[in-house]
Amino acid sequence: MSHRNLTLIPLAAAVVLATVTACGTDDKAASSTSSPATSAAAPAGLSCGGAGIDEQAQIKYRTEALIKAPLSTIWKLQTDVENWPAWQQPVESNKRLDQGELRDGSQFQWRTPVPASATTPATTLVITSTVHQIQPESCIRWSGPAVGDGLRIDNGVHIWNFIQQGDSVLVRTEENWSGSQVEADVATSTAFLSAGLEAWLKDLKAAAEAHS
C-alpha cells in the first residue's frame, strides 16, 4: 500500500497511530492550530441539525472544495456508503447495519487494511459509524471508533455540509479525533487527519465530476 493510500481515510488513517511513538513530539510546528478548523480567523464550526464536532478536541481539521457537479450526484456518492469502495481505493468494504435510505440512527461498518510498522502489526481497521443528524442534500454528521489489533481511535466526529453555488456545490467537511493513542502526538495526528480529509474531498470531486 502506498503512502498516499495510508492517508486517504480520515477516521481510519491508522498509520498515524503507528507513527506516534516512532516520530515522537519533535514536529510541533504542524500542530492543530495550523488547520482551518482551529485557525483564529476561521468562522464558526460546521454543524448539522445544530450539532457539530467536539470543539474541545485537541485534534481537528476543516477543509472545503468547490465541485462542478449536480448536488444530487454528490449527495448520492457520499451517502451510498456501500459503494464507497468504487471511488475510494482504501475502503476495502462497507456494509450497512440497517436498511433503507441513510437516516438518523443508521449505522455502517467499513474496513481498511493497514500494513505492519515498526511498532504495530499488520491489521485491518474496522470503523463503525453512526449517523446522528442528516438533512437531505444539505448536511450529514456521523461518529464512531476505529479499531484494529494494536491500533485505535476512540472516537471521530465527522460533519459534511453541501451548499449550492450556481452550477457547482461547495462541499465543506470537518472532523475531530479523540483517544489516548492519537492524542499522544497531536501534531502528527492532525497532519494525518488533514491529509485524509483533503484526499477524500479530492476523490469525491473526481468521482462526482466524472459522473456529470
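Annotations
- Test: Glu174 is in contact with a helix residue (DSSP H, G or I) (Cβ under 9 Å, 6 or more places away or on another chain) and in a loop (DSSP other than H, G, I, E, B): no
- Test: residue in region 188-206 that is touching a strand residue (DSSP E or B) at 6+ places or on another chain (Cβ under 6 Å), among the hydrophobic types (A, V, I, L, M, F, W, C), within 23 Å of Ala44 (Cα to Cα) and part of a strand (DSSP E or B): no
- Sole exception among (1) polar (S, T, N, Q); (2) without any contact (Cβ under 8 Å) to a residue 40 or more places away in the chain; (3) open to solvent by less than 50 Å² (accessible area, probe 1.4 Å) for Gln107, by number: (3)
- Set side by side, the residues Ser194, Ser180, Ser138 differ, and just one is open to solvent by less than 50 Å² (accessible area, probe 1.4 Å) and out of contact with any Ser or Thr (no Cβ under 7 Å at 6 or more places or on another chain), which is Ser138.
- Selection count, region 121-146, where residues are among the hydroxyl-bearing types (Ser, Thr, Tyr), modelled with pLDDT of 95 or more and part of a strand (DSSP E or B): 4
- In the set (1) outside any loop (DSSP other than H, G, I, E, B); (2) open to solvent by 30 Å² or more (accessible area, probe 1.4 Å); (3) in contact with a helix residue (DSSP H, G or I) (Cβ under 8 Å, 6 or more places away or on another chain), the condition left unmet by Ala210 is number (3).
- Filter result (modelled with pLDDT of 90 or more, of a type outside the set (Lys, Arg) and in contact with an Asp or Glu (Cβ under 9 Å, 6 or more places away or on another chain)) within region 87-120: Trp87, Gln88, Ser93, Asn94, Leu102, Gly105, Ser106, Gln107, Phe108, Trp110
- All conditions in (1) touching a residue at least 24 places away in the same chain (Cβ under 8 Å); (2) open to solvent by 20 Å² or more (accessible area, probe 1.4 Å) hold for Ile74, with the sole exception of (2).
- Count - residues of region 56-67 that are under 16 Å from the mean Cα position of the chain (by Cα) and either among the acidic types (Asp, Glu) or surrounded by fewer than 16 Cβ atoms within 10 Å (Cβ to Cβ) (or both): 1
- Qualifying residue in region 15-36 (condition: at pLDDT 55 or above and surrounded by 19 or more Cβ atoms within 10 Å (Cβ to Cβ)): no
- Single residue of Gln88, Gln99, Gln165 found to be loosely packed, with under 15 Cβ neighbours inside 10 Å, within 24 Å of Ser194 (Cβ to Cβ) and among the polar types (S, T, N, Q): Gln165
The values are calculated or read from the model by the stated rules, or taken from the named source; none is laboratory data. Being a predicted model, the structure only gives us computed values, none of them experimental. Glycine also receives a Cβ, built like all others from the backbone with ideal geometry; neighbour counts cover every protein chain displayed. Only protein heavy atoms, including side chains, enter the accessible area calculation; ligands, DNA and RNA are left aside. Shrake-Rupley method; radii C 1.70, N 1.55, O 1.52, S 1.80 Å.
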